[in-house]
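Below: one structure, written as structure tokens.
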Amino acid sequence: DKLTGELRKLGFPVSPTTIRVVLQRHDLPPAPERSRSSSSWRTFLNHDKEQFLACDFLTVDPLTLQTLYVLFFIEHATRRVYLAGCTVHPDAVWVVQPARQMTWKLHDRDLPMRYLIHDHGVKFTGLFDTVFESEGLEIVNIPFEAPNANAIAERWVRSVREECLDRVI
């Protein structure tokens, strides 16, 4: 009914029977069955977790009052963390080099990585994505202001802050 109504708004008078025939022709089940069978973000992450790599920046504010940016990568399956580098000014040129070095480390794996998850930070430029795409990884950008979509990386940042950085001057 929803498709019929939307098509009528666009000026196409279509009956519900026509919609049903088209959906059956393309092997699409009715809407309630489609919504149950569609995979959620959690299902997507758990299905191929051996092939997911996440990255993010951790900011550290030392006594010098000059914010340090730490780029890290974390494997979803093993929770292995790769510290890629630390800088005061993470510009596009700087971010590309740790990305290249990370792709070199990925060549040693038995099961190749397929996905790289990161947020929409301005530090993750097109060049950064191109380095990983040239190695066959698909870039998965998490939605804006949705840190739970990259929960493994965010949890690691929280652990580092609580267990290390909050206890050190």
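The values are calculated or read from the model by the stated rules, or taken from the named source; none is laboratory data. Bear in mind the structure is a predicted one, so any value in this text is a computation, not a measurement. Backbone-built Cβ (ideal geometry, glycine too); neighbour counts: all protein chains shown. Just the protein is used for accessible areas: all its heavy atoms, side chains included, with ligands, DNA and RNA removed. Shrake-Rupley method; radii C 1.70, N 1.55, O 1.52, S 1.80 Å.
Odds and ends about this structure:
- Choice from GLY11, GLY136, GLY121 with maximal GNM fluctuation in the chain (Cα, 10 Å cutoff): GLY11
- Computed lengthening from LEU3 to ALA146, 0.36 nm per intervening residue step minus Cα-Cα distance: 48.5 nm
- Per residue solvent-accessible surface (Å²) - the chain, probe of 1.4 Å: 67
- Accessible surface for VAL21 stands near 60 Å², nearest 10, in the context of the full protein assembly shown (1.4 Å probe).
- With all protein chains modelled, accessible area of ASP27 [1.4 Å, Å²]: 130
- Estimated dipole of the chain in Debye, rounded to 20 [Cβ of Lys and Arg +1, of Asp and Glu -1, Cα centre]: 580
- Other residues lying with their Cβ under 11 Å from the Cβ of LEU165 contribute a combined charge of -1, Lys and Arg counting +1, Asp and Glu -1.
- Taking trypsin sites (Lys or Arg not before Pro) in DSSP loop conformation with at most 14 other Cβ atoms inside 10 Å as exposed sites, the chain has its longest uninterrupted site-free stretch at 1-78.
- log10 of Debye I(q)/I(0), alpha-carbon scatterers only, for the range 23-153 at 0.15 Å⁻¹: -0.76
- Residues in the range 116-151 that a label on ARG79 would reach, taking backbone N under 15 Å of a point 7 Å out along Cα→Cβ: 151
- Highest-fluctuation residue, THR59, THR103, THR17 considered, GNM on the chain with Cα pairs under 10 Å: THR17
- Per atom type, the range 1-147 shows carbon and sulfur on 55% of its accessible surface, probed at 1.4 Å.
- Net charge of Cβ neighbours under 10 Å - reference LEU137; Lys, Arg +1; Asp, Glu -1: -3
- Ordering ILE139, ALA151, VAL22 by Cα displacement along the dipole of the range 1-151 toward the positive end leaves VAL22 in first place; charges were set at the Cβ atoms of Lys, Arg (+1) and Asp, Glu (-1).
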